[in-house]
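Working notes, beginning with the structure itself.
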Amino acid sequence: MHTNTTRRTFTFGISAATAGLAASAHPLSSLAAPGNAPIGANKEFTPEITAWVKIEPDDTTIIMVARSEMGQGNFTTLPMLVAEELDCDWRFVRPQYVEPNENLSRGNAWGDMTTAASISIRGSQSYLRKAGAQARYMLIAEAAERWQVPRDECVARDSVVTHAPTRRTLRYGEIAEAAANRPIPADVRLKHPDEWRLIGQSIPRVDVRDKAVGSPIYAIDVRLPDMLFASVWACPFLGGRLRSFDASQVIGMPGVRHVVAVEDTAVAVLADSWWQAKKARDALLIIWDPVAGKGLSTQTLRDTYRRGLDADDAAIGRRIGDSSKALSQAALVVRADYEAPYLAHTTMEPQTCTAHVRDGSAEVWAPTQDADRTLLNVSKTLGIPASKVIVHKHHLGGGFGRRGLAQDWARMAANIARQVERPVKMIWTREEDIQHDYYRPMVLARQSAGFDAAGNLIAWKVRVCGPSMLVGLSPDRLTNGQDLEMCNAFQNDDMAYRVPNFEVGYVMRNSSVPVGFWRGVNHSQNGYFRECFIDELAHVRDQDPYLFRRNLLSEAPRSLAVLDEVAKRANWGRTAKGIFQGIALVECYNSVTAQVVDISVDDTGQLTVHRVVCAIDACYIVNPNIVEAQMQGAVAYALGAVLYGEITLQDGKVQQSNFHDYRALRMNEMPQVETYFVSSGDKYSKDWGGVGEPGTPPLAPAVCNAVFAATRKRIRSLPLANHQLRSPQ
Amino acid sequence: MTDITINGIPRRPASEGDTPLLWYLRDELGLTGTRFGCGAGLCGCCTVHVDGKAVRSCLKRIEELGGSNVTTIEQLSANGLHPLQQAWIDLEVPQCGYCQSGQIMQAAALLSENPDPSDADIDAAMSGNICRCGTYPRIRAAIKRVAKLQIKSSASFTPNSAK
């Protein structure tokens, strides 16, 4: 290995030459020392070979990452896609965040930075692989020119170009600067999947070392000279307003510097430490105006949504044949109403953002799933040009949809920081985090299905009613003012079951309760409605739930293969005594996922989930070990919600406040999770599938279907904590 | 106030006595590896060792800690990585990683008291530490790996904080 004497950048603490095996690569480790160095602030100039690749003279290969690392492995898998085609030595790869302001000033050179909808790999794999191939082409072309040989006599591998006939070699680092000046080829051939050397391998994650030693990699860890800390109190009435506050008791408390209103919705205390700010916040006298929030309660909302199920203003998401007519002619009709509650996200890192506003510009340190949007939100909030905003990206202490479109925490931090000269780190209490979320919507569903005299399923009609998250967060995605995404899991591209007469419609009923994207989004509640109802239909027909589904999938080989795989791997139907199984299948984010859950319910009604078997077809699996972790994570996230998750409202306020009454799954409740891949490649789809969310939606229905198998009780509302699974003896 | 020994160094806090250890560590000392999750002892994110025992630093006021020895994730091992940190890396336990400092400190306290924990022992010790990413299976595997290695090598490892 060559020596390392010409390093010019100091952003990364270890040299490529001493990095050892890829397992020990830790590109962020130099940030371990308390300081302010934002991740990705490599200001020294290293020439780019395409926007995505920079190679230093010592072969250190910086690969830009536009999407966010929030635990799903983006800092590893996205560079893998580039490195695959670049044919660099993976040990030299150093991932680095794209800076949002640079992306803006360079006309979105790095594309979309959004990290949501399981989009990161499937939404960028084509251009990331292409960039790697382009850079490789440029390096080979440079070497060929120096040797004065044809390009096709040169091969690239492990960061070295070799002229095959003469065995001459050039390291990437030796020719990178010159290669960067060559034209970027428009068309490059991408490798056939059979040629992949990185994709499909469990390449060790690059971020785990920092996370095992407590490195300051999160936005909440930022420390700036002269920084103040802010603790906030937002109006506890959802949709309510700040009327007045009395800071006189607070302003003399230790460390307290400012008490400021945040627009007309919150009060912030700024102090020399966060604890001082929080203590003073607790002592504030604040008068709130409940406004619209006053009469709001879970029961009033439920009544509204229930009436909505019968309303005639449904937006139809999908219609095949005439389900109403077929139902009226059916020999047997089955009806059931379901309900899914509001859910909070509870990222382990509570909402936080640091901002410094001065001289018509702003600098922001953010845990964001959508850095472009953070920048634009801060710009708009402060009324300054986007070019005057710098956003530093940090790894997220959990995302799950909370840190994407809403950006309420970024606006709040900017609104606080604009009122003082100094930088301000805002950290919400857990109570604020739970009571001011953008919740997964509470949704009610009514389903009707009809069988003909021969027992064939001839009709299925679905109505869902609840609030739309798109109205508040992404009106550009509405269709004629209607949120058809509320029909997901019943649409053309995400429900493979074939029924001759089918209809799904959404009745929109909005309120002042903020709603937003939760892991699995609309597929999470609609998957529950759909897959439990299918189980009810199987039961009515006295058929095995797996075989009943199979019969509806005769023309859907992709979903059928996943369903068959999970049934086989879980030994469907052959359980030990006292163990009961439930099965569910959900198509979303261009992936197909099925799960079989093994449970038992003891005499007191105590449920234990022993095992969850997952089968997933995501077309291609980039990093199996990371996908396995994503399946474990999806199961844990969904199971916590199935067992306990419920945000309720009374008199306009959220009634839950911390992990004692908004419970998360704990170690002792975690089932064994097995994951199997049914990778169909490009057989059914030229696009790839996502993996961050698809493991979530099947879990609730699989558990509830298993509960039915064990107890003969249909769970038509969640969470399970509200149900007595065994009748008291 | 009497000094508190933090990671081997005697300190005299400038913060008020009712300041939770968590915020003293993070805001006064800049030891941000100990993380805030709930402020109520419900999630375990902020777990540190006080005289070798796992303690929720969000609930412990610094005025109660005079004369105590506090160890944080930054100094769990005096030299290099603690075997648990190595196992966390090798088995790729972390996802978002935010809770993992607390998980590791809790696991280190478990192993120092019980070098060969059963699954039930692990559940009992670790169920106070929430991980929203669902890394529990790998946490369990990492703890078992370290227990096995230490028994095999029979060279008993003493966490820095218990010395």
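The values are calculated or read from the model by the stated rules, or taken from the named source; none is laboratory data. The structure displayed is predicted, hence computed values, not measured ones. Don't worry about glycine lacking a Cβ; one is built from the backbone with ideal geometry, like all the others, and counts go over all protein chains shown.
Some observations on this one:
- Beta carbons closer than 6 Å, at least 6 apart along the sequence or on distinct chains, pair a first residue in segment A:663-675 that is more than 7 Å from chain B (Cβ to nearest Cβ) with a second that is in a strand (DSSP E or B) and hydrophobic (A, V, I, L, M, F, W, C) for A:P671/A:V609; A:P671/A:V612; A:E674/A:V613; A:T675/A:C614.
- Segment A:272-288 residues that are facing chain B (nearest Cβ under 8 Å), paired with ones that are of a type in the set (S, T, Y) and assigned to a helix (DSSP H, G or I) (beta carbon under 9 Å, 6 or more apart): A:S273/B:Y24; A:W275/B:Y24
- The number of residues in segment B:103-128 being touching a Ser or Thr at 6+ places or on another chain (Cβ under 9 Å) and either among the basic types (K, R) or within 7 Å of another protein chain (Cβ to nearest Cβ) (or both) comes to 1.
- Residue check for A:A406: part of a helix (DSSP H, G or I) and either within 22 Å of A:V267 (Cβ to Cβ) or not assigned by TED's automatic domain parsing to the domain that holds A:V262 (or both): no
- Condition check for A:A230: surrounded by 16 or more Cβ atoms within 10 Å (Cβ to Cβ), part of a helix (DSSP H, G or I), more than 9 Å from every other protein chain (Cβ to nearest Cβ) and at pLDDT 95 or above: no
- Filtered by the rule that a residue be within 32 Å of the chain's Cα centre (by Cα) and more than 25 Å from B:L29 (Cα to Cα), segment A:262-284 gives A:V262, A:E263, A:D264, A:T265, A:A266, A:V267.
- Condition met for A:N571 (surrounded by fewer than 24 Cβ atoms within 10 Å (Cβ to Cβ) and either within 30 Å of A:G399 (Cα to Cα) or of a type in the set (A, V, I, L, M) (or both)): no
- All positions within segment A:461-495 that are among the basic types (K, R) and surrounded by fewer than 20 Cβ atoms within 10 Å (Cβ to Cβ): A:R477
- Of the residues screened, A:Q407 is not one that is out of contact with any helix residue (DSSP H, G or I) (no Cβ under 9 Å at 6 or more places or on another chain) and in contact (Cβ under 8 Å) with a residue 12 or more places away in the chain.
- Residues located in segment A:667-694, provided they are assigned to a loop (DSSP other than H, G, I, E, B), of a type outside the set (A, V, I, L, M) and closer than 22 Å to A:I579 by Cβ: A:P671
Results for (1) closer than 30 Å to B:G39 by Cβ; (2) away from chain B (no Cβ under 14 Å); (3) hydroxyl-bearing (S, T, Y); (4) out of contact with any Lys or Arg (no Cβ under 7 Å at 6 or more places or on another chain), shown as yes or no for each residue.
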| site | (1), (2), (3), (4) |
| --- | --- |
| A:R307 | no, yes, no, yes |
| A:A314 | no, yes, no, no |
| A:S323 | no, yes, yes, no |
| A:G360 | no, yes, no, no |
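- Filtered residue count, segment B:34-55, keeping only those that are more than 23 Å from A:N658 (Cβ to Cβ) and either small (G, A, S) or in contact with a Phe, Trp or Tyr (Cβ under 7 Å, 6 or more places away or on another chain) (or both): 1
- Test: residue in segment B:56-69 that is in contact (Cβ under 8 Å) with a residue 60 or more places away in the chain and within 11 Å of another protein chain (Cβ to nearest Cβ): yes
- B:V50 being away from chain A (no Cβ under 13 Å) and crowded, with 24+ Cβ neighbours inside 10 Å: no
- Wholly enclosed strands (runs of 3 or more DSSP E) of segment A:84-192 bearing at least 3 residues touching a residue at least 60 places away in the same chain (Cβ under 8 Å): A:93-97
- Figure legend. Inter-residue proximity from segment A:540-551: first residues among the aromatic types (F, W, Y), second residues surrounded by 15 or more Cβ atoms within 10 Å (Cβ to Cβ), beta-carbon distance below 6 Å, spacing 6+ or different chains. Indicated pairs: A:Y546/A:A567; A:Y546/A:W572; A:Y546/A:I583; A:F548/A:A538.
- When the residues of segment A:193-220 are filtered to those that are assigned to a loop (DSSP other than H, G, I, E, B) and of a type in the set (A, V, I, L, M), the one that is nearest to B:L84 (Cα to Cα) is A:V206.
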